[in-house]
Amino acid sequence: MTTIASIGTGNMGTALIQGIRSADADITVRATTNSTASAQRLSKELPSATVTAVEEDAEANGKAAAGADFVFLGVKPWMMAETLRELAPNLDATAVLVSMAAGVAASDLAKLAPENPIVRIMPNTPSSIGHGVIALAPDAEVPADSVDTLRQLLSGAGLVVDLDESQIPAMTGISGSGVAYFFLLAEAMIAAGVKQGLSEDDARQMVVATADGAGRLLSRKPDPGAQRQAVSSKGGTTLAGLSKFIDAGIFDIAEAAAQAAADRSLEMERENSEVIDG
């Protein structure tokens, strides 16, 4: 039976474990949090997991990691060095370290736990409802069967995409951070509806339902250009509205946003590498 240790289990870690449990209900999960209060909340969300607070047991992280097949690292990037140095004596040599931390390179993780295979993943927030996108970037040293098992487990949280680690910043730019771009567009559309006389509640309901419907259509026919053209009659209302987006440079804006997020991801890697190197 596969055993997972989730160290520093926050919202994203909880979402992933819920997805994993949906893929394999028999998996053993040990999870840690920092405070007693957060451990109590997590126990309610993950009733089948063993949850321990570091506040109650200073050795909680090490105990959770001991003997685990996969050790999910959900701590903040700047806490990674301290956490891994603490865990290292408790890790089996075959334990696969699965880092969810943005901006921490696998090569830096390897400095802290040189005996263990390392996988970087980058999930986005819809993983919490089983509709996420999770980048999967294993080191070459990770056994193929371990990668296959991890891929299968993560599939319960959404679409798993195999990437080279060097592609994670690009994934961050369009998917990891990209969820918020859609939320921003929804905010803007709600505000536009209110400005034209709709109540905020009506505008919100319509925009949310429109986003849901558009997403469902796109998942069935994943060609956004073709979908857009299908509803853009010459001289019609949709084309009149779309022209404003296009004239304002929406493609350039999207490219700039994705690049900015990717650049920040790389900048964080450099910053965190300096912290790890001391």
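Observations
- Considering the stretch 124-162, the residues that are among the aliphatic types (A, V, I, L, M) and part of a helix (DSSP H, G or I) include one that is farthest from the chain's Cα centre (by Cα), namely A144.
- Test: residue in the stretch 207-230 that is in contact with a Gly (Cβ under 9 Å, 6 or more places away or on another chain), surrounded by 11 or more Cβ atoms within 10 Å (Cβ to Cβ), over 30 Å from A105 (Cβ atoms) and without any contact (Cβ under 8 Å) to a residue 40 or more places away in the chain: yes
- Filter result for L84 (open to solvent by less than 10 Å² (accessible area, probe 1.4 Å) and under 20 Å from the mean Cα position of the chain (by Cα)): no
- Considering residues of the stretch 220-231 that are part of a helix (DSSP H, G or I) and under 26 Å from the mean Cα position of the chain (by Cα) only, the residue nearest to F182 (Cα to Cα): P224
- Flag for R85 being more than 26 Å from D277 (Cα to Cα) and among the basic types (K, R): no
- Residue in the stretch 179-189 that is assigned to a helix (DSSP H, G or I), in contact with a Pro (Cβ under 7 Å, 6 or more places away or on another chain) and at pLDDT below 95 present: no
- Considering (1) aliphatic (A, V, I, L, M); (2) open to solvent by less than 20 Å² (accessible area, probe 1.4 Å); (3) over 13 Å from the mean Cα position of the chain (by Cα), the lone condition that A110 does not fulfil carries the number (2).
- Taking the criterion of being open to solvent by less than 10 Å² (accessible area, probe 1.4 Å) and touching a helix residue (DSSP H, G or I) at 6+ places or on another chain (Cβ under 8 Å), the residues of the stretch 125-150 that qualify are S127, G132, I134, A135, L136, A137.
- Members of the stretch 19-28 found to be modelled with pLDDT under 90, touching a helix residue (DSSP H, G or I) at 6+ places or on another chain (Cβ under 8 Å) and surrounded by fewer than 23 Cβ atoms within 10 Å (Cβ to Cβ), listed by number: R21, S22, A23, D24
- Qualifying position, being within 26 Å of the chain's Cα centre (by Cα) and at pLDDT 95 or above, among L217, L198: L217
- Single residue of the stretch 151-204 satisfying the filter (under 22 Å from T125 (Cα atoms) and acidic (D, E)) that is most open to solvent (accessible area, probe 1.4 Å): E187
- Filter result (loosely packed, with under 15 Cβ neighbours inside 10 Å and either among the β-branched types (V, I, T) or closer than 15 Å to S175 by Cβ (or both)) within the stretch 248-276: I250, I253, A254, E255, Q259, A260
- Yes/no for S99 being touching a helix residue (DSSP H, G or I) at 6+ places or on another chain (Cβ under 7 Å), surrounded by fewer than 17 Cβ atoms within 10 Å (Cβ to Cβ) and within 19 Å of A157 (Cβ to Cβ): no
The values are calculated or read from the model by the stated rules, or taken from the named source; none is laboratory data. Just so it is clear, the structure is predicted and the values come from calculations on it, not from any experiment. Every residue, glycine as well, gets a Cβ built from its backbone with ideal geometry; the counts of neighbours run over all protein chains shown. All accessible areas refer to the heavy atoms of the entire protein, side chains included, with ligands and DNA or RNA removed. Shrake-Rupley method; radii C 1.70, N 1.55, O 1.52, S 1.80 Å.
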